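These notes concern the structure reproduced below.
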Amino acid sequence: MNEATQRPALPDRLSIDPRSPYHVAAVFEHDVSIRLKDKERLDVYEYCISEGWIKVPAGKTLDRKGKPLLIKLMGKVEAFYS
């Protein structure tokens with residue numbers, strides 16, 4: 001494998017929000033999948049493997065800044081490249 005095809009290691013905590021300190025742009029150049037309690041989730045905004053949680057939107061509800069209102073789901077979290 002050359003450097004162009006190598007993927008960066010997935011961090012313990014990752015967020016899709018570019019303003020977050022847990023956002024790693026190099027990871028999002030590839031497809032990342034998240035599994036919670038052995039079920040693959042497609043709506044994850046942030047995850048933490050060591051603490052065992054993911055944040056997902058609460059339906060179509062928005063906060064006062066127009067961003068989706070997030071809820072935290074607990075369980076065994078696995079992150080992997082698709």
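Here are the numbers:
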read-out	value
Hits in the stretch 24-56 (condition: in a strand (DSSP E or B), out of contact with any Asp or Glu (no Cβ under 6 Å at 6 or more places or on another chain) and not hydroxyl-bearing (Ser, Thr, Tyr))	32, 34, 36, 39, 40, 41, 46, 48, 53, 54
Of the criteria (1) in contact with a helix residue (DSSP H, G or I) (Cβ under 9 Å, 6 or more places away or on another chain); (2) surrounded by 16 or more Cβ atoms within 10 Å (Cβ to Cβ); (3) small (Gly, Ala, Ser), which one residue 9 fails	(2)
All positions within the stretch 15-54 that are aromatic (Phe, Trp, Tyr) and either loosely packed, with under 15 Cβ neighbours inside 10 Å or touching a Phe, Trp or Tyr at 6+ places or on another chain (Cβ under 9 Å) (or both)	22, 28, 47, 53
Inter-residue pairs, beta-carbon under 6 Å, first closer than 15 Å to residue 10 by Cβ and touching a residue at least 40 places away in the same chain (Cβ under 8 Å) and in the stretch 24-40, second aromatic (Phe, Trp, Tyr) and exposed (fewer than 12 other Cβ atoms within 10 Å of the Cβ), 6+ apart	30/81; 33/80
Hey, residue 60 on the phi < 0 side of the Ramachandran plot, loosely packed, with under 15 Cβ neighbours inside 10 Å, free of Cβ contacts under 8 Å to residues at least 40 places away in the same chain and part of a loop (DSSP other than H, G, I, E, B) or not	no
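Every number here is computed from the coordinates shown, using simple stated rules; none is lab data. Note that this is a predicted model, so its numbers are computed, not measured. In this analysis, Cβ positions are derived from the backbone assuming ideal geometry, glycine residues included, and neighbour counts consider all displayed protein chains.
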